[in-house]
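Okay, structure first, notes after.
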Amino acid sequence: MTIPFTLPKQRWELKFSEAYPLYTDAEAIAEANRCLYCYDAPCTKTCPAGIDVAVFIRKIAERNRHGAAKTVLASNILGYSCGCVCPDVVLCAGSCVLKDFKKPVIQIARLHRYATEKFLSDGKHFFTPATATGKKVALVGAGPASLACAYELKLLGHEPVIFEKKTLPGGLNTTGIAPYKMTAEDALREVEAIRRIGIEIRTGVDISSQIKTLLKDYDAVFIGVGIGDDTELNVPGIDGDGVIGSIEWIEQLRLSDKPALPKNTKRALVVGGGNTALDAARELAQLGVPEVTMVYRRTAQLMPGFRHELNDARIEGVHLLEHAVITEIVREKGKLKGARVRASDEDIFLQADIIIIAIGQAKWRDLLMKFPDVELNEANEIIVDEETGRTGNQRIYAGGDATPGMKLVVQAVADGKRAAQAMHRELLQTGKGGA
C-alpha cells in the first residue's frame, strides 16, 4: 500500500537491518504450535490492550492468518507497530507459562507482526463504522494514543479530526523508534491504513492558539500530544556542534538523508540510562562507531531501560560507565573533543566525536496549561481519571505519554480506546460531553 507522505529516498534508517525479520509462514506456524493455548491465559492478562493472545496464536497455527489479524486488531488497531516495538518480554511473553517448564517463551510480538502485516500491506478493514451520530471530536497530536482513540470513535459512529503540529503523523512511531525495530515508512503505512476508514488528519497545525475554538466547534477533545523535546544537560561547553539530543538524533536518522555522524567518527558518548539512551547507543554501534560508551549516573541495576535492551547493547559492543556524571563538554576552537566525567569519585576525560544527550524529555507544560481545568501533576503529566481518561474538564480527555503510566505504544493504545469509549457514553447521554 502506498502512503501519501514523502520521505527522502536515501535516509539513514535504510542502513539498518531488522532486529527481528518478519516470520515466514512456516516459521510463524511452527512458533504458534508451541503455544499451550492456556485457559485464562496470563499473557492476555498482562497485555494493556487486552488482546486475546491464545486465540490469535491458535488461529495462526490453524493457518487462519486473516482471523488472527482480526483478533489482534479488534483490541489493538496498532497491532503491527506493537509487534515491532512492544517489549513483550516484560509484558505478555514475560508471563508465558512455558517459563515454568524451563522452555523458551512464545515470541508473541513477532507473531503479532506476522498476523497484521497483510493489514498494513493492503489497507483493507475488518470492521465497519456504526451509523453516524453527528458528534465531532478533536484530537490533539497524531501519535498512537490519538490514532487508537480516533479509530475507536469512528467505529462508534462519531467524527474524529486529528490535529498534528508536525508535517508527518504517527508521533514517535514515525520519528522516534529505533530504525532496526521499525522504519518510518512502515509507521506511516500503518497510519494510512487506519486513516482510510474515514479519519481526517490535519498536519502542520499548531493548535496552541486555537483551544477555545476547538472546544466551541467540537463536542469533545482528546489530548494525545506524547512527550516533548529533549531535556537539556546544563554543563559548560554544551552548546555547539557535536552534541545532540536523543530525540532529535533518532528523528534525523529516520527522516533525513543528511549525514547523521561527523566524518571519521571513532568515539561516541550517550548520556542517560533509559530506553531512548539504549536505542541511541545501539544505533551508533550498528552504524559502525568503534567505541560507544553510555554514561549513567547510577548502576546498571537501577537503569530505567529494559534489561534485555542493555544486554543486546553490550553484545553489540556498547560499554556502560556507571556512577558517572558529565561535568564539562570539552572543545578546542569550537570543535568537540570529549567530556570531563566524574566517575566513582574519580575525574576522567573521555574523548568523543559525538555526544548524544538522553536524560529524558520535557513535557508540554505551556501547551497543556492552556486547556481550561486540565490539571498537571508534579511531573507535568495530565491528571486523568483512571477509568475514563477524563481530565478536570468534563469535555477534555487525555492519554498516552502525556499522562501517568507506562510510556509504551500498547499503553497509549489502551488509553486511547478507554477514552473513546468513555466519550461515547457521555456524548450519547449529554449531547455535549457533560458541559
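Bear in mind that the values in this text are calculations on the coordinates, not laboratory data. Worth saying up front: this structure is predicted, and the values here are computed from it rather than measured. We place every Cβ from the backbone using ideal geometry, glycine too, and count neighbours over all the protein chains shown.
Using Cβ counts within 10 Å as a stand-in for footprinting exposure, how do CYS47, CYS38 rank, fewest first?
Exposure proxy ranking, most exposed first: CYS38, CYS47.
Please give the helix 144-155 orientation as an angle from the longest Cα principal axis of the chain, in degrees from 0 to 90, rounded to the nearest 10.
Approximately 10 degrees, to the nearest ten.
Count the net charge of all other residues whose Cβ sits under 11 Å from the Cβ of ALA41, scoring Lys and Arg as +1 and Asp and Glu as -1.
Computed value for this residue: 0.
If you check each cysteine of the chain for another cysteine whose beta-carbon is under 4.7 Å away, which ones come up empty?
CYS35, CYS38, CYS47, CYS84, CYS96, CYS149 - these cysteines have no disulfide-compatible partner (Cβ-Cβ under 4.7 Å) in the chain.
Given R₀ = 35 Å, what would the calculated FRET efficiency be for LEU22 paired with ASP345, taking r from the Cβ atoms and rounding to 0.05?
On the way: r = 49 Å, r/R0 = 1.39.
The pair LEU22/ASP345 has a calculated efficiency of 0.10.
Could you tell me what percent of the DSSP beta bridges with both partners in the chain are antiparallel, to the nearest 5? Let's see the in-between values first.
On the way: 17 of 49 bridges.
Antiparallel bridges: around 35 percent, rounded to the nearest 5.
Collect residues whose amide H, placed 1.01 Å from N in the peptide plane, falls under 5 Å from the amide H of ILE201; neighbours closer than 5 in sequence don't count.
For ILE201, the qualifying residues are ILE162.
Pop out the Kirkwood hydrodynamic radius of the stretch 12-122 from its pairwise C-alpha distances, inverse of mean 1/r, in Å to one decimal.
Radius from the Kirkwood sum: 13.9 Å.
Compute, for the stretch 243-357, the length of the dipole vector about the Cα centre, with Cβ point charges of +1 (Lys, Arg) and -1 (Asp, Glu) only. Units Debye, rounded to 20.
Numbers: 16 positive and 16 negative charges, 62 e Å.
For the stretch 243-357, the charge dipole is close to 300 debye.
Rounded to the nearest 10 degrees, what's the angle between the helix 246-255 long axis and the longest principal axis of the chain, both from Cα atoms, 0 to 90?
Once rounded, one gets 70 degrees.
Helix 184-195: angle to the longest alpha-carbon principal axis of the chain, degrees 0 to 90, nearest 10?
Taking the Cα atoms of the chain, the angle to 184-195 is about 10 degrees.
Tell me the trypsin sites (Lys or Arg not before Pro) within the stretch 1-90 that lie in a loop according to DSSP and have at most 15 other beta-carbon atoms within 10 Å.
Loop-located and lightly packed - LYS9, ARG34, ARG63.
For Kirkwood radius over Cα pairs in Å, one of (i) 22.7; (ii) 27.5; (iii) 26.4 was computed from the structure I shared and the rest are decoys. Which label?
Here Kirkwood radius over Cα pairs in Å agrees with entry (i).
May I ask for the longest run of the chain untouched by chymotrypsin sites (Phe, Trp or Tyr not before Pro) that are loop-located per DSSP and have at most 15 neighbouring C-beta atoms (other than their own) within 10 Å?
Looking at the chain, 128-305 is the longest stretch - no exposed chymotrypsin sites (Phe, Trp or Tyr not before Pro) with at most 15 other Cβ atoms within 10 Å.
In sequence order, what are the phi-derived ³J(HN,Hα) couplings for the stretch 10-20 according to the Karplus relation 6.51 cos²θ - 1.76 cosθ + 1.60 with θ = phi - 60°, rounded to whole Hz, with x for glycine and proline?
So the Karplus estimates, Gly and Pro as x, are 10, 5, 5, 4, 6, 7, 8, 8, 5, 5, 9 Hz.
If I model a spin label at ASP206 and ASP257 as a point 7 Å from the Cα along the Cα→Cβ vector, what separation in nanometres do I get?
2.8 nm
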